[in-house]
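Everything on this sheet refers to the single structure shown next.
The values are calculated or read from the model by the stated rules, or taken from the named source; none is laboratory data. Since we're looking at a predicted model, the values are computed, not measured. FYI the Cβ positions are ideal-geometry reconstructions off the backbone, even for glycines, and counts take in every protein chain you see.
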Ligand code: CO8
């Protein structure tokens, strides 16, 4: 891999987009390597994933403008599909993915963060969908996910004006869950990921599936999705250990319901 690094830290996988000379902009190769990296994550040995960018300035400064500049209509659509397929893979990845946004998250950078389950950022982070200033629409899910996350009115304002917002505003509108000094961002992401990893993995996966799939349907159908995934947890080692420890009132054990089964 030229542009993606992967590190396994216990149960946590850390994916870093590493194309610093272009502020980690997404060209076709970065997208392909990103897809291959997620495909290769060992689902038995990993319980949460962190996605971040290399360096101290940029998470991802968008799709690669140089590569896009000469595309035909058909090629533009194909490039959009390529990004959308990878981002959808992240969104539906069986494990929670935390975006640790360490700087610019513009265009495709904002969009990839929105395909993650949770976004936290550094104080120097800048978010925006600048596409209309470049003569295109957001093409990696921005018109869809931004409205779902921050509401239609705010999403339309950000997209139509192409105005960037800073970390504090991103926090205020609910685009990110927390803002940290840059040096504290990755430690905070790791702490959150470790907290997730300490919980029952089957239950965590089923929660992701229930929330993601339930958000796409009406409440009657959503509740049925939850019921099935709730039922699916019973008879697992995790459920037996988790509830057993509680009933035994063994405080030490209750805090340590590991090792959970991971299938
Ligand atoms: N693509 C390609 N190269 C980039 C990009 C990018 N998106 N962003 C930065 N770079 C490169 C610069 O060209 C520069 O390279 P070089 O040193 O060779 O000249 C290097 O990174 C450093 O950038 P700057 O010198 O510009 O750094 P500054 O600190 O002065 O500015 C900015 C930082 C403000 C982030 C500035 O680089 C910028 O505005 N970048 C573009 C941001 C942008 O508009 N992103 C959105 C792109 S469109 C998009 O993402 C659409 C997604 C959906 C596509 C669907 C397709 C169908």
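In the set 149, 106, which member is touching a strand residue (DSSP E or B) at 6+ places or on another chain (Cβ under 9 Å) and away from the ligand (no atom under 16 Å from the Cβ)?
From the options 149, 106, the qualifying one is 149.
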Q.
Which residue is nearest to residue 45 (Cα to Cα), if the candidates are limited to region 238-263 and must be buried (at least 16 other Cβ atoms within 10 Å of the Cβ) and modelled with pLDDT of 90 or more?
A. 238
**Q.** Residue identified as surrounded by 14 or more Cβ atoms within 10 Å (Cβ to Cβ) and more than 30 Å from residue 135 (Cβ to Cβ) among 211, 165, 159, 173
**A.** 211
Q. Taking residue 123, is it under 30 Å from residue 11 (Cα atoms), modelled with pLDDT of 95 or more, touching a helix residue (DSSP H, G or I) at 6+ places or on another chain (Cβ under 6 Å) and surrounded by fewer than 16 Cβ atoms within 10 Å (Cβ to Cβ)?
A. yes
Q: Return only the number of the condition from (1) over 19 Å from the mean Cα position of the chain (by Cα); (2) without any contact (Cβ under 8 Å) to a residue 24 or more places away in the chain; (3) within 18 Å of residue 80 (Cβ to Cβ) that residue 143 does not satisfy.
A: (1)
**Q.** Number of positions in region 55-100 that are away from the ligand (no atom under 13 Å from the Cβ), within 16 Å of residue 141 (Cβ to Cβ) and either assigned to a strand (DSSP E or B) or without any contact (Cβ under 8 Å) to a residue 24 or more places away in the chain (or both)
**A.** 2
Q) Does residue 17 satisfy the criteria of being under 22 Å from residue 103 (Cα atoms) and under 15 Å from the mean Cα position of the chain (by Cα)? A) yes
**Q.** Candidates 242, 195 - the one that is in a helix (DSSP H, G or I) and free of Cβ contacts under 8 Å to residues at least 40 places away in the same chain
**A.** 195
Q) Out of 50, 41, which single residue is farther than 28 Å from residue 123 by Cα, modelled with pLDDT of 95 or more, surrounded by 14 or more Cβ atoms within 10 Å (Cβ to Cβ) and more than 16 Å from the ligand (Cβ to nearest atom)? A) 41
**Q.** Residue selected from region 15-31 under the condition free of Cβ contacts under 8 Å to residues at least 40 places away in the same chain and out of contact with any helix residue (DSSP H, G or I) (no Cβ under 8 Å at 6 or more places or on another chain), by the criterion surrounded by the most Cβ atoms within 10 Å (Cβ to Cβ)
**A.** 30
Q.
Show the residue pairs meeting these rules: Cβ distance below 9 Å; 6+ apart or different chains; first residue within region 155-166 and at positive phi; second residue surrounded by fewer than 17 Cβ atoms within 10 Å (Cβ to Cβ).
A. 162/132; 162/133; 162/134
